[in-house]
């Protein structure tokens, strides 16, 4: 809806921002109230839980650190899904692209000992982007040339990526079978890669115990870059036009096929960058338990952020805070962390179905606003 | 009019909920945040919280499972509760945090560290690295790592580990002794997790020690790690397949996936199944028609004993081997021949004194 055609009379910049924030904020409030009801019904103290949640996310330097640390992959996978939405594509594959970015960057990160950091680190990051971009481009290519729907293909490629990544670190060596190529030979029966070399690690900001790394600047740079790309360049205009009406775009002379593949490649590259940054900045290795769940969170974050790059930052802040606060919430109130997932799921439900929120709070639609957020043309026709 | 009223009702609810949540906020948490602040500045320091609270506090951090998983998170938590009862502690002295994301292990341990807990139990080999780091940074806190092998011993970190291959070996001996068809099966979680592999390798070796020509159909879940232990349908289908190929004893080792296999076998007349980790006679009642035993890791007493040792000042770091063995035969006590029981006793003795090797890990 932020893409409302510039030809129509604009309702004013601030008013537009207000309208854009209205539904997500109300969705969040409603989800929090519903979460409180759930806690009340299951005999928990919702007040203690929410206070603990807030204190855990913002109540201390460590809390802030955890919130920011968790925002980094959320921003990048959220951008990934949001960019695809702009072209009317539903990228459910951020999870698999994240995993492929991880594997590609870790491959560079654990090899090439002796390279200076100025070469090694950027190389590992670029490989992460390339890994994700290639993985993202596959559903784009299949959609263009075979008509295979990107939702189905990306979902299936998530499984392929997860299994591929598991194979690369498979610890078969300890059982006399062929081990995976990235498996750490000193890890015994444990399936994981060796640690990423120091020259390929994103340095920590502040004290290492805060575990915040320079990836935060990479994520913010990506936000600005994507905003510029989508709203200030020809490519971005083409992406948005394809998203609004594929047939009209084709008629207008836009290379629709190329744009679809390019958009999926960019989306995949962003998710791959998320995987690279998480690996090189935080985990310092790959093991199967570092899966791509964050790629699925990206869908909620993109929708909650109204598929706008700056909205993605705000919703990442929210989700980062919810996840960061969960630990202290459990400690203070003994409420199960499952409540966090309930709240996140409710937020998604309310944002994806804005009718509920509109009906609940009796918000009228502006003529410039379309109903379903951004799921766009993907299902209808291509 | 009707929609109008319900909207107002909802708004009222919203406002009252917010007011409820907001009102006493300033009063309650002050004491807490004061206590938390100094701990933040000096994480390793024990003076403030420990000195004013002479009581003994135990925290537990799960892996990405839940404390009611009927498997090792639950067993470890029950071990904490047993220690709480044994030591006469109150309910407030023990607490757990369930981990949502593999990257949060350090944060979750940090809650207990900052609050001045005396003992922190971490469950699962995936927490190994984070636990070692926390133990290094907090020499005054004692850590217990369930399923965590210690390469170098730290004085304040005990890795509670089990010879899964040995209890798997006993299960294999039992299975090979009870089969009529000469074909037995194992339905397993993923081979990305070492203890699962150990169970299977031990099972095969044990079966071959009874009958070198035995046919063992063992199948690992092919999925990713987050799927492999929570897929009872796959477990049931795989058990069914093995039964169709003639298997008449099935070992189910892999969380809920393995439970699915046990439940499938229970629907077939005259077949046997063997459970894993805990005595599954209690945890999976649906498997009772076929369940002749379980290859157990005795986590509950293992955790409880380590906590008691910590409380009494007898704690020592490094690897601590918990007891592993077969659960009781329950209703099959009379079905299992005495010579098989004798064989299991001598095999257990042989494994314990090292005269029998399972061949795993060499």
Does residue A:334 satisfy the condition of being facing another protein chain (nearest Cβ under 10 Å), touching a strand residue (DSSP E or B) at 6+ places or on another chain (Cβ under 8 Å) and surrounded by fewer than 24 Cβ atoms within 10 Å (Cβ to Cβ)? yes
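Go over the candidates A:163, A:142 one by one and state the one that is within 13 Å of another protein chain (Cβ to nearest Cβ), without any contact (Cβ under 8 Å) to a residue 12 or more places away in the chain and assigned to a helix (DSSP H, G or I).
Details: A:142 fails: within 13 Å of another protein chain (Cβ to nearest Cβ).
Result: A:163 is the single residue among A:163, A:142 that is within 13 Å of another protein chain (Cβ to nearest Cβ), without any contact (Cβ under 8 Å) to a residue 12 or more places away in the chain and assigned to a helix (DSSP H, G or I).
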Exception for residue A:13 within (1) over 24 Å from the mean Cα position of the chain (by Cα); (2) within 14 Å of another protein chain (Cβ to nearest Cβ) falls at (2)
Examine the range A:257-264 for a residue that is touching a helix residue (DSSP H, G or I) at 6+ places or on another chain (Cβ under 6 Å), at pLDDT 90 or above and over 20 Å from residue A:94 (Cβ atoms), and state whether such a residue exists. yes
Output for the range B:117-149, where each listed residue is crowded, with 20+ Cβ neighbours inside 10 Å, in contact with a strand residue (DSSP E or B) (Cβ under 8 Å, 6 or more places away or on another chain) and part of a loop (DSSP other than H, G, I, E, B): B:117, B:118, B:124, B:141, B:147, B:148
Residue B:279 meets each of (1) at pLDDT 90 or above; (2) more than 23 Å from residue B:192 (Cα to Cα); (3) touching a strand residue (DSSP E or B) at 6+ places or on another chain (Cβ under 6 Å) with one exception, condition (1)
Within the bounds of the range B:126-135, is there any residue that is more than 11 Å from chain A (Cβ to nearest Cβ) and over 26 Å from residue A:322 (Cβ atoms)? yes
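How many residues does the range A:184-205 contain that are more than 10 Å from chain B (Cβ to nearest Cβ) and buried (at least 16 other Cβ atoms within 10 Å of the Cβ)?
Filtering the range A:184-205 for residues more than 10 Å from chain B (Cβ to nearest Cβ) gives A:184-185, A:193-194, A:196-205.
Remaining after also requiring buried (at least 16 other Cβ atoms within 10 Å of the Cβ): A:184, A:193-194, A:196-197, A:199-202, A:205.
Result for the range A:184-205: 10.
Could you tell me whether residue A:57 is within 14 Å of chain B (Cβ to nearest Cβ), closer than 23 Å to residue A:281 by Cα and assigned to a helix (DSSP H, G or I)? I'd like the intermediate steps shown before the answer.
On the way: within 14 Å of chain B (Cβ to nearest Cβ): yes; closer than 23 Å to residue A:281 by Cα: yes; assigned to a helix (DSSP H, G or I): yes.
Criteria met by residue A:57.
On the basis of being under 20 Å from the mean Cα position of the chain (by Cα) and at pLDDT 90 or above, does residue A:227 make the cut? So that I can check it myself, show each step before the final result.
Numbers: under 20 Å from the mean Cα position of the chain (by Cα): yes; at pLDDT 90 or above: yes.
Taking the combined requirement at face value, the residue satisfies it.
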Search result, residues across the range B:58-83 that are at pLDDT 90 or above and more than 14 Å from residue B:299 (Cβ to Cβ): B:58, B:59, B:61
In the range A:337-359, what residues are within 13 Å of another protein chain (Cβ to nearest Cβ), farther than 10 Å from residue A:27 by Cβ and part of a helix (DSSP H, G or I)? A:338, A:339, A:340, A:341, A:342, A:343, A:344, A:358, A:359
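So which of A:19, A:69 ends up being over 18 Å from residue A:297 (Cα atoms) and either more than 14 Å from chain B (Cβ to nearest Cβ) or touching a strand residue (DSSP E or B) at 6+ places or on another chain (Cβ under 8 Å) (or both)? Steps first, please.
Values: A:69 fails: over 18 Å from residue A:297 (Cα atoms).
Only one candidate qualifies: A:19.
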All but one of (1) under 30 Å from residue B:134 (Cα atoms); (2) more than 10 Å from every other protein chain (Cβ to nearest Cβ) hold for residue A:181; which doesn't? (1)
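Can you list the strands (runs of 3 or more DSSP E) lying wholly within the range B:187-291 that have 3 or more residues being touching a residue at least 60 places away in the same chain (Cβ under 8 Å) and touching a helix residue (DSSP H, G or I) at 6+ places or on another chain (Cβ under 7 Å)?
So the answer is B:249-253, B:272-277.
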Going through the range B:292-334 one residue at a time, which ones are closer than 21 Å to residue B:150 by Cβ and part of a strand (DSSP E or B)? B:297, B:318, B:319, B:320, B:321, B:324
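Please verify whether residue B:106 is surrounded by fewer than 24 Cβ atoms within 10 Å (Cβ to Cβ), out of contact with any strand residue (DSSP E or B) (no Cβ under 6 Å at 6 or more places or on another chain) and in a helix (DSSP H, G or I), treating the condition exactly as stated. First the steps, then the outcome.
Numbers: surrounded by fewer than 24 Cβ atoms within 10 Å (Cβ to Cβ): yes; out of contact with any strand residue (DSSP E or B) (no Cβ under 6 Å at 6 or more places or on another chain): yes; in a helix (DSSP H, G or I): yes.
It is true that residue B:106 is surrounded by fewer than 24 Cβ atoms within 10 Å (Cβ to Cβ), out of contact with any strand residue (DSSP E or B) (no Cβ under 6 Å at 6 or more places or on another chain) and in a helix (DSSP H, G or I).
The values are calculated or read from the model by the stated rules, or taken from the named source; none is laboratory data. The model shown is predicted, which means the values in this text are computed figures rather than measured ones. Cβ: placed from backbone, ideal geometry, glycine included. Neighbour counts: every protein chain shown.
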